[in-house]
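Data first, discussion second: the structure below is written as structure tokens.
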Amino acid sequence: MSARVNRQIILAARPHGNPKESDFEIVERPVPVPGDGQVLVRNILVSLDPFNRILMGNANSDQTPIALGDTMFGFTVAVVEQSDNPAFAVGAHVAGFTGATGWQDYAVSDGSDLRVVDPDAAPLAANLGVLGVTGLTAWVGLTKILDPKPGGTLVVTAAAGAVGSAAAQIGKLRGYRVVGIAGGPEKTRHLLDDLGLDAAADYKAPDFAEQLARAVPDGIDTLYENVGVALFPALPAHLNRNAQVALGGVMSQITRTGAFEGPDHLPDLLRAAIYKTLTIRGFNVTEFYDYYPEFLADLAPAVATQKLHYSTHVIEGLEAIPVAFPEMFTGRVAGKMIAKIG
């Protein structure tokens, strides 16, 4: 009987602009052996996230990148194979929520980065999306960063994406009038017909400015911003006095390595911030992992009763990850990207 191997996807090169398949390498190493108090997990689902591009380096971020040759960071759902930790029984399903379990077949953990998940309570993939760090990011922005008053208008950019769709639906559950911004007629249809948002605007349409104005006739009270400079200039004119803005991501700028080339809208934003007395707060979800129990208690019932919907973009096999991951930056992927590897 041949010995088991641990396939790992490592960072082979730092990308310039969008990532590409050759930036990764798949290597085979021995399956790690757990020590005292540790568990060995076998990953079955792997999350692919924009944050992975930041950690590859040469990104528009202050985040320290991983080293060349290191295993790629990644959230996973796994099965416990061996355990010397009483909190984790062999055969239990667990979610790795700090990314340490990574893009690989097996990982060892002391349990501090794992939580037990119930496969009968929700599909396992939900623990990488709406009940994972994706959903946590949306929830933190709307509950810990902002202090919204139900009944106002919430605008969510990149609303058809994994984080944006969760944020938009959380807004609906909390009594907002929710407007989603997405690219293309199919995505805006999804926002209205599948997610039940109140209005939508297609930023790729030539009449986007008119669509946005029609969607927010009473202005914007709260903005959950995921995109960055590509969309933000169109929004300040519609922000109401005392409006709140949560900056959850800058998807349009992640792959930029040099100085921004384009119109300077900072004076417009600063003027709006002063004369409209705006509150603008950015956040990094990694600083909010301690809120996982509160987050799950709040949202898990909505997922279980299908009051909160989500979509997944599933690829098959660990070897498919280097090919599929660059697609995330083309705008052609809708929903949470997950690799099924076991």
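The values are calculated or read from the model by the stated rules, or taken from the named source; none is laboratory data. Predicted model, so just to flag it, every value in this text is computed and none were measured. So basically every Cβ, Gly included, is an ideal-geometry build from the backbone, and we count neighbours across all protein chains shown.
General remarks:
- Any hit, the range 143-162, residues being part of a helix (DSSP H, G or I), closer than 28 Å to V79 by Cα and modelled with pLDDT of 90 or more: no
- Residue within the range 45-58 that is under 26 Å from L131 (Cβ atoms), out of contact with any Pro (no Cβ under 9 Å at 6 or more places or on another chain), part of a loop (DSSP other than H, G, I, E, B) and acidic (D, E) present: yes
- Taking the range 309-342 as the range and being in a loop (DSSP other than H, G, I, E, B) and among the charged types (D, E, K, R) as the test, only R332 passes.
- Counted residues, the range 91-108 - those being touching a residue at least 60 places away in the same chain (Cβ under 8 Å) and of a type in the set (G, A, S): 2
- Hey, T64 in a helix (DSSP H, G or I), within 23 Å of T286 (Cα to Cα) and out of contact with any strand residue (DSSP E or B) (no Cβ under 6 Å at 6 or more places or on another chain) or not: no
- Meets criteria (within 15 Å of N127 (Cα to Cα) and charged (D, E, K, R)) for D298: yes
- Close pairs from the range 71-87: first within 14 Å of G35 (Cα to Cα) and hydroxyl-bearing (S, T, Y), partner modelled with pLDDT under 95 and not in a strand (DSSP E or B), Cβ under 8 Å, at least 6 apart: none
- Just one residue in the set G152, G141, G111, G132 is out of contact with any helix residue (DSSP H, G or I) (no Cβ under 7 Å at 6 or more places or on another chain), surrounded by 23 or more Cβ atoms within 10 Å (Cβ to Cβ) and either touching a residue at least 24 places away in the same chain (Cβ under 8 Å) or outside the structural domain of D218 (by TED's automatic domain parsing) (or both); that residue is G132.
- Qualifying residue in the range 283-291 (condition: hydroxyl-bearing (S, T, Y) and either within 21 Å of S22 (Cα to Cα) or outside any helix (DSSP H, G or I) (or both)): no
- Of all residues in the range 51-70, those being free of Cβ contacts under 8 Å to residues at least 40 places away in the same chain and of a type in the set (S, T, N, Q) number 2.
- Leading residue by the ranking (farthest from Y292 (Cα to Cα)) among those in the range 54-97 that are among the aromatic types (F, W, Y) and within 22 Å of the chain's Cα centre (by Cα): F73
- Of all residues in the range 283-342, exactly one satisfies the criterion of being hydroxyl-bearing (S, T, Y) and in contact with a helix residue (DSSP H, G or I) (Cβ under 6 Å, 6 or more places away or on another chain), namely T312.
- Search result, residues across the range 171-194 that are in contact with a strand residue (DSSP E or B) (Cβ under 7 Å, 6 or more places away or on another chain) and outside any loop (DSSP other than H, G, I, E, B): G171, K172, R177, V178, V179, G180, I181, A182, P185, T188, L191, L192
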